[in-house]
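Some notes on the structure that comes next.
Derivation of every value follows stated rules applied to the coordinates shown; laboratory data play no part. Quantities reported herein were computed from a predicted structural model and do not represent experimental measurements. All Cβ positions, glycine included, derive from the backbone under ideal geometry; neighbour counts span all protein chains shown.
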Amino acid sequence: MDEAHACEPTLPSRVFVHWRAEGTNTAGMFGREPTMKPMSISGISLLTVGADSRIESSQVYRQATGEELYGAMQAGLPTDDAP
């Protein structure tokens, strides 16, 4: 092979990022007191990156925490885990 060819990316580009956030529940939610226990959430973000390499848009998808699901069920709200 005498020559190499580079492919130009199609812009805008889309990038998926898997992320995780950890901390301590110091605020409480759904009328419940803070647990002061460690907690974590994770999700996926879909970023659209423009020709200038700047993020043009972001969509975040994440799974609800156990506390959020519990609070939603207590409030009678539908959840994906509820029958």
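Toward the positive end of the charge dipole of the stretch 23-83, with +1 on the Cβ of Lys and Arg and -1 on the Cβ of Asp and Glu, the farthest Cα among Ala64, Pro78, Met36 is that of Met36. Summing Cβ point charges (Lys, Arg +1; Asp, Glu -1) relative to the Cα centre of the stretch 13-74 gives a dipole of roughly 100 debye. Pairwise alpha-carbon distances in the stretch 13-74 exceed 17 Å for 54% of all pairs.
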